């Protein structure tokens, strides 16, 4: 019989399963995200720590040989590619190590850019919804 995979209930329980160096690095990242987005909600999404602010904002995780910061969108990584040149990146991931963490100022800039993006997307959705409502009323 297969046992159920470990279900993480919150960020603290996620971090408690990691090596001490990663805990320290990711806790610092967590605090930096909180400073940049104090109104964001901490959640677990896809079994990793994440923050929501009018949609998914950012996430992070610890792996065997590195930590990852997930800006939840490739456009954000492209926007900051020059500042990220000393870090390994892929479409939606920025990799770093506890010994070479992401600069706090850069993390804050990325988080604020994601907040702006989420607010713009929310405004577009509301505008679209209002436009559809007006068209529906005219048809009635």
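The values are calculated or read from the model by the stated rules, or taken from the named source; none is laboratory data. Keep in mind the model is a prediction, meaning the values are calculated, not measured. Please note: Cβ atoms are built from the backbone with ideal geometry, for glycine as well, and neighbour counts cover all protein chains shown.
Key figures for this structure:
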{"quantity": "Search result, residues across the stretch 53-65 that are more than 11 Å from residue 22 (Cα to Cα), surrounded by 16 or more Cβ atoms within 10 Å (Cβ to Cβ) and more than 8 Å from the chain's Cα centre (by Cα)", "calculated": "53, 54"}
{"quantity": "Selection count where residues are touching a helix residue (DSSP H, G or I) at 6+ places or on another chain (Cβ under 9 Å) and either part of a loop (DSSP other than H, G, I, E, B) or surrounded by fewer than 20 Cβ atoms within 10 Å (Cβ to Cβ) (or both), scope the stretch 77-86", "calculated": "4"}
{"quantity": "Residues within the stretch 91-124 that are outside any strand (DSSP E or B), touching a strand residue (DSSP E or B) at 6+ places or on another chain (Cβ under 8 Å) and either surrounded by fewer than 17 Cβ atoms within 10 Å (Cβ to Cβ) or without any contact (Cβ under 8 Å) to a residue 12 or more places away in the chain (or both), tallied", "calculated": "1"}
{"quantity": "Checking residue 46 against (1) surrounded by 20 or more Cβ atoms within 10 Å (Cβ to Cβ); (2) without any contact (Cβ under 8 Å) to a residue 24 or more places away in the chain; (3) under 22 Å from residue 19 (Cβ atoms), the condition it does not meet", "calculated": "(1)"}
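For (1) within 15 Å of residue 108 (Cα to Cα); (2) touching a strand residue (DSSP E or B) at 6+ places or on another chain (Cβ under 8 Å); (3) in a strand (DSSP E or B); (4) modelled with pLDDT under 95, each residue gets a yes or a no:
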| position | (1), (2), (3), (4) |
| --- | --- |
| 24 | no, no, no, no |
| 29 | yes, yes, no, no |
| 32 | yes, no, no, no |
| 38 | yes, no, no, no |
| 43 | no, yes, yes, no |
| 51 | yes, yes, yes, no |
| 58 | yes, yes, yes, no |
| 61 | no, yes, yes, no |
